[in-house]
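Student: First the structure, which I've put down as structure tokens, then a few questions once you've had a look.
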Amino acid sequence: SIEERKAILSEIAHTQDVRLRNPEEAASAYLRALELEPDRETFRTLTDLYRRERRWRETIETLMRARDFENEPQLRSKLQYEVAELYERELSDDESAVAGYQLALEFDPENRDALWSLERLYTKLDRPAELLSVYDAQLRVADARERVKILFKTANIWEDKFQNLENADACLEAVLAVDPTNLQAIKGLERLRRLDAEAKRP
């Protein structure tokens, strides 16, 4: 049966990897098992083998096959996040990582790891417009304390990158809606409104 053949291939792979120290032949046996019938455990075992051998392209390819095997959006998003993380950390390919994290969010818009990774990359790449869209998405999944931090960062971008005092003001007002006694927001609003008044003087 297919299950028996897969069990034999798994045993061959384990022997090649652990006893004979031959990861190439072990990977080949796992791939043959997946050709017979894909399954989550074999995908994960093969992924771990490729990671250990630092074969990043093969790791990414296996993760994407595992992702396409899954039906649940959260699981697909998690696997896609792993793909993007490898592009960022191991291959230093920021653009592929950005596209990967974005795809992870298409599967699951509330994938916090993907959202915060995009924030890191957009900050590094100095892409403020995209950063604002990420902050907007973060606000939908953040708790009260996180919301305050995100709103301050959003206000800074509107002021520093786009010189839009009105939108920066709205962000600080939103901080006070969460934390009415936030002194930093109060002082920030006073400063912004003073700058706005000076700009409107004839």
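Student: Over the Cα atoms of the chain, each weighted equally, I'd like the Debye log10 I(q)/I(0) at q = 0.08, 0.12, 0.14 Å⁻¹, rounded to two decimals.
Tutor: Scattering profile of the chain, log10 relative to I(0): -0.43, -0.72, -0.86.
Student: Let me ask something additional. Dipole of the chain (Lys/Arg Cβ +1, Asp/Glu Cβ -1, origin at the Cα centre): which of 12, 175, 77 lies farthest to the positive side?
Tutor: Of the candidates, 175 comes out farthest on the positive side.
Student: Same structure again: Return the FRET efficiency for the residue pair residue 21, residue 90: r is the Cβ-Cβ distance, R0 is 25 Å, and the value is rounded to the nearest 0.05. Kindly include the intermediate steps, with their values, before the conclusion.
Tutor: On the way: r = 23 Å, r/R0 = 0.93.
E between residue 21 and residue 90, to the nearest 0.05, is 0.60.
Student: Report the trypsin sites (Lys or Arg not before Pro) located in region 1-107 that are in a DSSP loop and have at most 15 other Cβ atoms inside 10 Å of their Cβ, or state none. Numbers along the way, then the final one.
Tutor: Values: sites: 5, 6, 19, 21, 32, 40, 44, 51, 52, 54, 55, 57, 65, 67, 76, 78, 89; in loops: 21, 54, 55.
Here the sparse-neighbourhood loop sites are 21, 54.
Student: While we're here: Could you tally up the Lys pairs in the chain with alpha carbons closer than 16 Å? Skip any pair fewer than 8 positions apart unless they're on separate chains. Spell out each step's value before the answer.
Tutor: Working: 124/153; 124/161; 149/187; 153/161; 153/187.
The result is 5.
Student: Springs between alpha-carbon pairs under 10 angstrom, Gaussian network model over the chain: which of 186, 150, 60 fluctuates most?
Tutor: Largest GNM mean-square fluctuation: 186.
Student: Hey, another quick one. Just check region 75-150 against the gyration tensor rule for me: Cα atoms, a ≥ b ≥ c as the square roots of the eigenvalues, rounded for a/c under 1.5, and otherwise prolate or oblate depending on whether a/b exceeds b/c.
Tutor: Numbers: a/c = 2.16, a/b = 1.32, b/c = 1.63.
Oblate is the answer for region 75-150, as a/c is 1.5 or above yet b/c matches or exceeds a/b.
Student: Around residue 121, what is the net charge, scoring Lys/Arg as +1 and Asp/Glu as -1 over all other residues with Cβ under 10 Å from its Cβ? Don't skip to the end; give the middle numbers.
Tutor: Values: positive: 120, 124, 127; negative: 88, 94, 95, 119, 130.
It works out to a net charge of -2.
Any read-out appearing in this document is the output of simple, stated calculations on the displayed coordinates, not a laboratory observation. Small disclaimer: the values here were computed from a predicted structure and weren't measured. Note that each Cβ is placed from the backbone with ideal geometry, even for glycine, and that neighbours are counted across all protein chains shown.
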